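The block underneath contains the structure these notes are about, expressed in structure tokens.
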Number of protein chains: 2
Amino acid sequence: MPSIEALRLFVEAAAHGAFSEAARRLGKSQSTVSAAIANLEVDLGVVLFDRSARLPVLTPAGRHLLANAEQVLAAQDRLLRAAAGLAAGHEPRLSLALSDTYQPERLEALQSELAARYPELALECLIAESDDLLALIDSGRAQLGFVERQPYYPPDIEYAATAPSQMGLYVSPRHPLAQNSRIEPAQLDAHRALRLTTVQAGTAPRARGHNWSAPSYLMLMEMAQGGFGWAELPCWLVERYGGNTLQMLPLPGWPRLLTIDVVWSRRRPPGPAGVWLLERMTDSRP
Amino acid sequence: MPSIEALRLFVEAAAHGAFSEAARRLGKSQSTVSAAIANLEVDLGVVLFDRSARLPVLTPAGRHLLANAEQVLAAQDRLLRAAAGLAAGHEPRLSLALSDTYQPERLEALQSELAARYPELALECLIAESDDLLALIDSGRAQLGFVERQPYYPPDIEYAATAPSQMGLYVSPRHPLAQNSRIEPAQLDAHRALRLTTVQAGTAPRARGHNWSAPSYLMLMEMAQGGFGWAELPCWLVERYGGNTLQMLPLPGWPRLLTIDVVWSRRRPPGPAGVWLLERMTDSRP
DNA sequence: ATGATCTATCGCTTTTATCGATGGTATCCA
DNA sequence: TGGATACCATCGATAAAAGCGATAGATCAT
């Protein structure tokens with residue numbers, strides 16, 4: 001059962017080619033290194049160094065086991081760093097709940113800096129809309145959420161505005177509405193609407209006529225591409241993934257800017273990494 | 001600096017949800033486990049278990065660090081297994097030198113069993129022909145080689161026959177020889193031959209006329225596909241990678257069977273894994 | 001030859017790992 | 001409501017080992 005310290009001495013000695021040098025670098029006495037490596041060789045049943053020369057030189061077997069020892073040390077370093085982060089109050093994982101309305105560009109720009117600042121953080125992205133998303137936040141399943149501004153927030157949910165997202169009304173070019181060069185709002189009611197729904201019970205979709213609905217904007221967009229009706233969609237989503245198969249309706253007042261809120265739970269506030277991300281998302285908006 | 005044993009106790013306790021159970025399984029006393037985990041928590045600065053209930057239950061931080069601890073133990077297990085293998089005389093790596101004449105099917109069939117039998121073995125495949133390959137074996141760079149039978153082997157090279165490989169004479173369909181329904185050997189001399197060459201000096205290519213040559217059958221095949229001459233190629237290579245761009249010449253006595261030898265050095269004999277593979281390659285031939 | 005710089009080894013001290021015993025507490029069953 | 005049975009934390013005591021300094025032998029450069 002080789003000890004971690006013995007492995008560290010082994011790696012250091014192999015790296016510098018001398019036991020004394022390893023002892024100096026690790027703040028131990030030379031005899032300690034000599035004895036520790038001798039013990040390690042007994043434990044492993046393998047001669048690691050050829051000591052016939054003035055300086056010890058790794059045997060082929062030692063060279064092979066050196067790679068294994070370095071892996072052990074690397075794993076232990078990760079453990080220690082993760083523990084140090086947790087001890088400093090860092091959350092072990094940060095779960096984000098994203099609405100399709102949120103364009104991911106700004107988040108992606110921050111991810112590399114987030115990874116550098118919290119190297120042991122596990123980042124998770126969930127997709128949900130409105131009520132589903134708030135439920136994720138409220139239950140603690142996710143710590144931060146990005147949604148279009150809701151008409152009502154539960155008392156435990158805190159929110160702050162972030163960069164807005166542009167929304168447009170889209171139909172397939174084959175759709176009857178696609179021909180008109182100008183459309184009045186009343187005309188929309190004559191055609192099928194494609195709306196967001198949520199799996200969350202309680203909030204009945206305010207249906208007028210028989211709308212079609214889907215739980216994500218991506219599915220709504222595919223329905224619109226199928227020509228089944230008109231849908232309000234994030235412009236960035238259509239531009240990025242819609243190809244040229246959708247057409248924006250020229251209604252007065254459209255496309256409109258939709259306020260995107262970042263939301264979190266007051267009872268289960270996000271940890272340092274979440275707060276850091278939160279500040280970055282709300283502070284400077286382009 | 002957490003010790004390996006403490007990590008093992010931690011993982012075992014977390015896996016079974018009880019310190020006593022971990023103590024029983026690892027043959028330690030209950031107090032040892034209790035103290036070791038308490039020390040570990042101090043070392044890491046993180047509370048791993050919530051002890052308010054009857055049985056200790058992992059904290060979120062503990063659950064996160066558990067994954068790290070398991071990685072450390074896994075790395076240490078690999079180290080110990082590798083050391084045990086080396087102590088048993090296993091070679092740390094096995095390098096094979098393969099000729100293009102050798103069809104890799106039989107070798108591939110044995111690789112999974114080899115990996116199961118020697119899990120810590122690093123396997124390496126080199127490509128070389130005739131003299132180059134023998135040089136790899138003789139220098140110790142590779143331990144086993146598979147070549148067409150050579151007219152002469154150096155004294156330190158041992159060899160044994162293995163499954164033969166079928167060789168054919170091929171040309172591009174655009175080549176003049178491709179039209180004939182029967183060819184006499186003398187006709188070949190009238191056209192350019194594509195032959196193997198080696199980077200090894202000393203053995204001058206027995207050139208008659210100005211042959212073209214390349215150091216691998218794969219390059220020879222591509223030359224033949226270009227219509228630059230005729231080449232003797234392994235049938236399996238043409239069938240597998242040649243597409244339909246090559247045509248076999250109908251010479252009497254062709255295609256012929258080429259004896260494939262497995263060769264190794266007498267001065268640097270292969271280790272147990274190499275010997276095991278050697279026996280499997282020579283014993284039962286289909 | 002000489003000084004410098006290695007490594008191996010030998011006592012000695014200090015640390016720590018481990019054990020058994022003890023006490024407190026929760027769970028289950030009669 | 002007890003009693004039995006688990007479980008965990010804590011406390012000395014002891015044995016193991018980790019570490020250090022000193023020393024001796026070996027090698028290299030000057």
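The table below gives the values:
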| item | result |
| --- | --- |
| Residue within segment B:34-46 that is more than 9 Å from DNA strand D (Cβ to nearest atom), under 24 Å from A:PRO92 (Cβ atoms) and not in a helix (DSSP H, G or I) present | yes |
| The lone exception for B:ARG54 - which of (1) at the interface with chain A (Cβ under 9 Å from one of its Cβ atoms); (2) part of a loop (DSSP other than H, G, I, E, B); (3) surrounded by fewer than 17 Cβ atoms within 10 Å (Cβ to Cβ); (4) charged (D, E, K, R) it fails | (1) |
| Output for segment A:47-62, where each listed residue is free of Cβ contacts under 8 Å to residues at least 40 places away in the same chain and either away from DNA strand D (no atom under 16 Å from the Cβ) or closer than 13 Å to A:ALA6 by Cα (or both) | A:VAL47, A:LEU48, A:THR59, A:PRO60, A:ALA61 |
| Residue list for segment B:15-49, restricted to those being away from DNA strand C (no atom under 11 Å from the Cβ), within 14 Å of chain A (Cβ to nearest Cβ) and aliphatic (A, V, I, L, M) | B:LEU44, B:VAL46, B:VAL47, B:LEU48 |
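Just so you know, all these numbers are worked out from the coordinates, no wet-lab data involved. As the structure is a computational prediction, the values presented were derived from the model and not from experiment. Reconstructed Cβ throughout: ideal geometry from the backbone, glycine too, with neighbour counts over all protein chains shown.
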